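One structure is given below, encoded as structure tokens.
The values are calculated or read from the model by the stated rules, or taken from the named source; none is laboratory data. Note that the structure is a prediction, hence the values are computed from the model and not measured. A quick note on method: Cβ atoms are made from the backbone with ideal geometry, for glycine too, and the neighbour counts reach across all protein chains shown.
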Amino acid sequence: MKKIVYNKLIRDKILEIIEKSNKTASYKVINDSEEVQKLLLQKLREEMDEVLGATSQEELLEELADVLEVVYRIVQVNGLEREQLEKIRCAKREKRGGFEKNIFLESVEE
């Protein structure tokens with residue numbers, strides 16, 4: 001039997017999916033909040049790498065959805081709410097703008 005080592009945080013239903021495919025998973029539930037934070041940040045990096053490697057619009061949307069899911073969990077783990085995140089995003093957009101104009105800053109002279 002072939003063993004593949006993942007050592008990463010997974011979505012909640014992945015174990016069910018593995019079991020339905022007649023495979024056996026070795027896993028643990030992480031309860032340490034610092035460890036969860038660390039693993040979520042690793043997961044965010046992993047998902048961002050997948051965004052960067054996307055080769056189609058469909059794949060890009062899938063990976064961006066994964067990024068959002070991880071970001072929302074990070075917000076929740078820190079005792080915050082999505083509404084707070086969205087409020088801050090909107091305020092920053094109002095004050096500093098978005099990214100629609102594709103402006104690339106080369107330098108600033110003092």
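Would you check if residue 49 is of a type in the set (Asp, Glu) and either touching a residue at least 60 places away in the same chain (Cβ under 8 Å) or part of a loop (DSSP other than H, G, I, E, B) (or both)?
no
Would you be able to tell me the number of residues in the stretch 52-101 that are in a helix (DSSP H, G or I) and surrounded by 10 or more Cβ atoms within 10 Å (Cβ to Cβ)?
30
Can you find a residue that is under 10 Å from the mean Cα position of the chain (by Cα), surrounded by 14 or more Cβ atoms within 10 Å (Cβ to Cβ) and either modelled with pLDDT of 95 or more or not in a helix (DSSP H, G or I) (or both) anywhere in the stretch 20-38?
No, there is no match, as no residue in the stretch 20-38 is under 10 Å from the mean Cα position of the chain (by Cα), surrounded by 14 or more Cβ atoms within 10 Å (Cβ to Cβ) and either modelled with pLDDT of 95 or more or not in a helix (DSSP H, G or I) (or both).
I'm told residue 104 meets every condition in (1) part of a loop (DSSP other than H, G, I, E, B); (2) touching a helix residue (DSSP H, G or I) at 6+ places or on another chain (Cβ under 8 Å) except one. Can you identify the failing condition by its number?
(2)
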